[in-house]
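What follows is a short report on a single structure.
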Amino acid sequence: MCINSVLYYLIGILSLLVFTLTILLRYYVVLSQTDEITSIKNYRGFCVLMRKILLKHRKGNTPFTLVLIDIDRFRNYNSQGYAFGDYVLKEFVQFLKQELPFGAKIARFKFGDEFVIVIPNDFNATIEKINQIQESFRLKTFTYPITKQSFEVRFSYGASQFDEGTQSLQSLLFNAENSLKENKEKVIKCNEN
């Protein structure tokens with residue numbers, strides 16, 4: 001009898017330990033895929049998300065558009081202090097999330113001031129929406145609460161559409177990055193004139 005009681009007790013302890021470890025593992029997986037400044041997915045989380053999105057869209061043969069966004073002149077914000085730069089990132093993401101269409105996914109792309117958005121829509125509708133969002137940002141003024149400093153945020157973007165001809169995430173990113181570079185160059189030339 002005594003041995004059975006001890007076994008039941010040990011099984012109960014082991015069950016509780018497994019349960020606790022499972023919860024901790026889930027917590028750390030989420031933590032490892034979340035950007036600590038903006039609370040959106042980080043690059044690791046983006047890659048996990050994209051594997052799921054690619055599978056879903058390949059099965060359904062439905063298009064989506066991947067958009068890379070780069071905050072213009074972000075270095076100027078960071079030069080006023082990293083806390084200010086972090087605040088700009090947070091405000092940018094919060095405003096962007098409000099403007100994005102339902103079903104859009106956003107993540108921080110690698111490091112710094114670049115973001116990636118996946119919008120389940122065709123290319124032209126997505127470009128139209130991103131242009132509307134750019135206009136909303138042109139009309140928006142933010143205020144840094146510590147110094148009461150007002151600031152505006154502008155961004156450039158590049159986009160690439162996933163369709164049946166798309167080979168991989170790398171080709172989507174490559175096309176979006178090239179589009180972003182072209183648009184950045186236009187912004188630089190426009191500002192020089």
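The values are calculated or read from the model by the stated rules, or taken from the named source; none is laboratory data. All values derive from a computational prediction rather than experimental measurement. Here Cβ is always computed from backbone atoms with ideal geometry, including for glycine, and neighbour counts include all displayed protein chains.
General remarks:
- Candidate set: the range 54-66, residues that are surrounded by 12 or more Cβ atoms within 10 Å (Cβ to Cβ) and within 19 Å of A125 (Cα to Cα); chosen: the one farthest from the chain's Cα centre (by Cα): T62
- Looking across the range 84-137 at every residue that is among the polar types (S, T, N, Q) and over 14 Å from the mean Cα position of the chain (by Cα), the one that is nearest to K56 (Cα to Cα) is identified as N121.
- Near pairs, Cβ below 9 angstrom, 6+ apart or cross-chain, from the range 118-135 (farther than 20 Å from L49 by Cα) to any residue that is in a helix (DSSP H, G or I): K129/E99; Q132/E99; I133/F95; I133/L96; I133/E99
- First in the range 28-57 and more than 18 Å from L100 (Cβ to Cβ) and touching a residue at least 12 places away in the same chain (Cβ under 8 Å), second anywhere and aliphatic (A, V, I, L, M) and surrounded by 13 or more Cβ atoms within 10 Å (Cβ to Cβ), Cβ under 6 Å, 6 or more apart: I37/L89
- Under the condition of being basic (K, R) and within 16 Å of G103 (Cα to Cα), the residues counted in the range 116-157 number 1.
- The condition (being of a type in the set (G, A, S) and either exposed (fewer than 11 other Cβ atoms within 10 Å of the Cβ) or over 24 Å from the mean Cα position of the chain (by Cα) (or both)) is satisfied by just one residue among S32, S15: S15.
- All positions within the range 33-63 that are hydroxyl-bearing (S, T, Y) and modelled with pLDDT of 90 or more: T34, T38, S39, Y43
- Residue count, the range 135-193 (criterion: modelled with pLDDT of 90 or more, in contact with a Lys or Arg (Cβ under 9 Å, 6 or more places away or on another chain) and not in a helix (DSSP H, G or I)): 5
- Which listed residue is out of contact with any Ser or Thr (no Cβ under 6 Å at 6 or more places or on another chain), at pLDDT below 95 and either surrounded by fewer than 20 Cβ atoms within 10 Å (Cβ to Cβ) or not β-branched (V, I, T) (or both), from A107, A125: A125
- Residue within the range 121-132 that is hydroxyl-bearing (S, T, Y) and closer than 18 Å to K105 by Cα present: yes
- D72 meets the stated requirement of being surrounded by 14 or more Cβ atoms within 10 Å (Cβ to Cβ) and over 14 Å from the mean Cα position of the chain (by Cα).
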